[in-house]
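Please read the structure below before turning to the comments.
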Amino acid sequence: MSIWQAIILAIVEGITEFLPVSSTGHMIIASSFMGISHLEFTKMFTVNIQFGAILSVLVLYWKRFFQSTDFYFKLFIAFLPAAVIGFLLNDFIDALLENVIVVAISLLVGGIILLFIDRITNDDTSEKEITYLTALKIGFFQCIAMIPGVSRSASTIIGGMLQGLSRKQAAEFSFFLAVPTMAAAGGYKLLKTYDTIKSEDIQTLLIGNLVAFVVAMLAIKFFISFLTKYGFKVFGYYRIILGLILLGLLASGYKLDIV
């Protein structure tokens, strides 16, 4: 992987991690088109640069992370379903990550859902208390995102809105929940692959995390404002168009770099 390829992937990660468009799906697509998705380092890199995205949440919302211990317990409760199911199905999930067809179908189906989700969820801007049960339910919604192409951000935000949270409140809780979830996923992947990292790879990883951090900060600020005003429909159309393009390319015999 070249530095420029690393920067492109990091930009894709930073833009898509907190938008309801599936960062994993976009990383698979981008690495496939660049012909590097089969590399073991690419798979490790795409998980590792999530640390940069996590840091953007901590920097933007650092005051919120000094709340009562109740806040941390709720995050832990919401994190548990993904932690348990992700550990049990780790090999199956890794296999799905190599399948662009799964990504394309997930993008398409998810896009259709986003077109209609605003009609059945709460558009109230008032804040509602997030109970332990609400946190747990959002945690189960997060598990849906283990399917490549299903956005973690979208599934948790929609899960929160279905519990009566406002768009802004649901989005912010989704960002907070990303911290333990992505840290655990990245840490586990790093623990399994750290012995394969070469000295020349460290610079690539540092650059990737830095780019992901800066781009993610900008994406979060944009997304909160846009979502509050306009909802999910634009993201729904984007997902549908991208999913159809991918399916069209695959149907026409276009060879993507997949295992």
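Being of a type in the set (Phe, Trp, Tyr) and part of a helix (DSSP H, G or I) is the filter; apply it to region 42-69 and report the residue that is nearest to Asp201 (Cα to Cα).
We begin by selecting, within region 42-69, every residue of a type in the set (Phe, Trp, Tyr); these are 45, 51, 61-62, 65-66.
Restricting the remaining residues to those that are part of a helix (DSSP H, G or I) gives 45, 51, 62, 65-66.
Details: Phe45: 9, Phe51: 16, Trp62: 30, Phe65: 32, Phe66: 35 Å.
Ranking the qualifying residues of region 42-69, first place goes to Phe45.
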All positions within region 48-85 that are under 15 Å from Phe175 (Cα atoms), among the hydroxyl-bearing types (Ser, Thr, Tyr) and surrounded by fewer than 17 Cβ atoms within 10 Å (Cβ to Cβ): Tyr61, Tyr72
Single unsatisfied condition, Leu206 versus (1) among the aliphatic types (A, V, I, L, M); (2) surrounded by fewer than 21 Cβ atoms within 10 Å (Cβ to Cβ); (3) touching a Lys or Arg at 6+ places or on another chain (Cβ under 6 Å): (3)
Selected residue (criterion: modelled with the lowest pLDDT) from residues of region 118-147 that are surrounded by 12 or more Cβ atoms within 10 Å (Cβ to Cβ) and among the polar types (S, T, N, Q): Asn122
Residue satisfying all of: in region 238-259; farther than 20 Å from Ile113 by Cα and either surrounded by 13 or more Cβ atoms within 10 Å (Cβ to Cβ) or within 21 Å of the chain's Cα centre (by Cα) (or both); modelled with the lowest pLDDT among these: Ile258
Among residues of region 41-58, those that are of a type in the set (Ser, Thr, Tyr) and within 18 Å of Ile3 (Cβ to Cβ), counted: 2
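Going by what's in this entry, would Ser31 be described as modelled with pLDDT of 85 or more, over 24 Å from Phe175 (Cβ atoms) and assigned to a helix (DSSP H, G or I)?
Values: modelled with pLDDT of 85 or more: yes; over 24 Å from Phe175 (Cβ atoms): yes; assigned to a helix (DSSP H, G or I): yes.
Answer is yes for this residue.
From the list Pro148, Pro180, which one is outside any helix (DSSP H, G or I) and either over 30 Å from Leu133 (Cβ atoms) or out of contact with any strand residue (DSSP E or B) (no Cβ under 6 Å at 6 or more places or on another chain) (or both)? Show your work before the answer.
On the way: Pro180 fails: outside any helix (DSSP H, G or I).
It is Pro148.
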Residues that are without any contact (Cβ under 8 Å) to a residue 24 or more places away in the chain and not polar (S, T, N, Q), drawn from region 192-221: Lys192, Tyr194, Asp195, Lys198, Glu200, Ile202, Leu206
Failed item, numbered, when Lys128 is tested on (1) in a helix (DSSP H, G or I); (2) of a type outside the set (A, V, I, L, M, F, W, C); (3) touching a residue at least 40 places away in the same chain (Cβ under 8 Å): (1)
Hits in region 188-214 - residues which are under 19 Å from the mean Cα position of the chain (by Cα) and at pLDDT 80 or above: Leu205, Gly208, Asn209, Leu210, Val211, Ala212, Phe213, Val214
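Would you call Phe235 buried (at least 16 other Cβ atoms within 10 Å of the Cβ), under 17 Å from Tyr61 (Cα atoms) and either under 16 Å from the mean Cα position of the chain (by Cα) or touching a residue at least 60 places away in the same chain (Cβ under 8 Å) (or both)?
Details: buried (at least 16 other Cβ atoms within 10 Å of the Cβ): yes; under 17 Å from Tyr61 (Cα atoms): no; either under 16 Å from the mean Cα position of the chain (by Cα) or touching a residue at least 60 places away in the same chain (Cβ under 8 Å) (or both): yes.
No.
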Residue pairs meeting the criteria (Cβ under 6 Å; at least 6 apart or on separate chains; first touching a residue at least 12 places away in the same chain (Cβ under 8 Å), in region 51-76; second part of a helix (DSSP H, G or I) and of a type in the set (Gly, Ala, Ser)): Phe51/Gly186; Gly52/Ala212; Ala53/Ala212; Ala53/Ala216; Ile54/Ala183; Ser56/Ala216; Lys74/Ala135
Unique match (being out of contact with any Leu (no Cβ under 9 Å at 6 or more places or on another chain), among the polar types (S, T, N, Q) and not in a loop (DSSP other than H, G, I, E, B)) among Ser153, Ser174: Ser174
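The values are calculated or read from the model by the stated rules, or taken from the named source; none is laboratory data. Model, not experiment: these values are computed from the prediction. Using ideal geometry, Cβ is built from the backbone for each residue, glycine included, and neighbour counts are taken over all protein chains shown.
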